[in-house]
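Below is one structure, written out as structure tokens; comments come after it.
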Amino acid sequence: MGKRRSVAPIYSMCVQPAFIIGTNNEDGTANFAPITWVSVTQEEDEGYMLVISMFGTKRTKENVQRTGIFSANLVSVDMLPLMDYFGSHHASDGPKDGAAYEVGRGEILDVPVLEQSRWVYECEVARIVETGNSITFFCPVRNIQMDERLSCRDPFDVDLTVLEPVIYSGKYHSLGKLLGDIGDFL
Ligand SMILES: Cc1cc2nc3c(=O)[nH]c(=O)nc-3n(C[C@H](O)[C@H](O)[C@H](O)COP(=O)(O)O)c2cc1C
């Protein structure tokens, strides 16, 4: 290993999957915004929960607080222009109609979804934790819409090469090599 040096704890090395969150505005229209602070956890007798964190003031956060439901649309590399567009526009400045995208609906929850996304979670908020001006939502996944090309033999058999996810850590990256399964390196 090379030598390490200590630095101020301000740097963000947080490898994140990129999602665009779809929510319902008060007037029934759809709003989308990228949120990458997304992880998972589990509660007894429940499936797994998405843990998603939003800072500051944004329509997406208000909509999730008001409605308790949202979609999390995985961003594949072909969706980067859409991600940048949604991320640099705020619903408070007007509808996000300056880019082309098709909107569908959730199959279990009444949430807007991005038709272009290859993996969509439909989520419902179960618990909220506030830290400063951030809110973290703990959200059971009520439905997954996955690309029809995927055939998963078990819950962990998801071929990411089909999904081509954008990986975010301050900059956008794509996926590297498949290295193996759990146990392959024992
Ligand atoms: C790459 C990227 C990642 C982002 N991740 C988050 C995030 O994890 N949490 C958050 O609160 N905002 C995040 N944002 C900021 C929101 O997407 C941005 O403020 C957006 O304009 C909010 O739109 P809205 O007001 O219509 O909800 C991110 C933006 C970009 C471009």
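Coordinate-derived values only; no laboratory data. Note that this is a predicted model, so its numbers are computed, not measured. When we count neighbours, we look across all protein chains shown, and the Cβ atoms used for this are built from the backbone with ideal geometry, even at glycine.
What the table below lists for this structure:
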quantity: Residues within the range 98-138 that are within 16 Å of the ligand (Cβ to nearest atom) and assigned to a loop (DSSP other than H, G, I, E, B), tallied; calculated: 8
quantity: Residue in the range 13-28 that is in contact with a Gly (Cβ under 7 Å, 6 or more places away or on another chain) and not hydrophobic (A, V, I, L, M, F, W, C) present; calculated: no
quantity: Close pairs from the range 56-68: first closer than 12 Å to residue 22 by Cα, partner of a type in the set (Gly, Ala, Ser) and near the ligand (Cβ under 8 Å from one of its atoms), Cβ under 7 Å, at least 6 apart; calculated: 59/91; 59/92; 60/33
quantity: Single residue of the range 32-46 satisfying the filter (assigned to a strand (DSSP E or B) and under 19 Å from residue 120 (Cβ atoms)) that is farthest from the ligand (Cβ to nearest atom); calculated: 40
quantity: Candidate set from the range 70-97 (those that are part of a helix (DSSP H, G or I) and surrounded by 20 or more Cβ atoms within 10 Å (Cβ to Cβ)); member that is nearest to the ligand (Cβ to nearest atom); calculated: 91
quantity: Which listed residue is of a type in the set (Val, Ile, Thr), over 16 Å from the mean Cα position of the chain (by Cα) and within 9 Å of the ligand (Cβ to nearest atom), from 57, 67, 29; calculated: 57
quantity: Conditions (1) within 11 Å of the ligand (Cβ to nearest atom); (2) closer than 26 Å to residue 132 by Cα; (3) not polar (S, T, N, Q); number of the one not met by residue 13; calculated: (1)
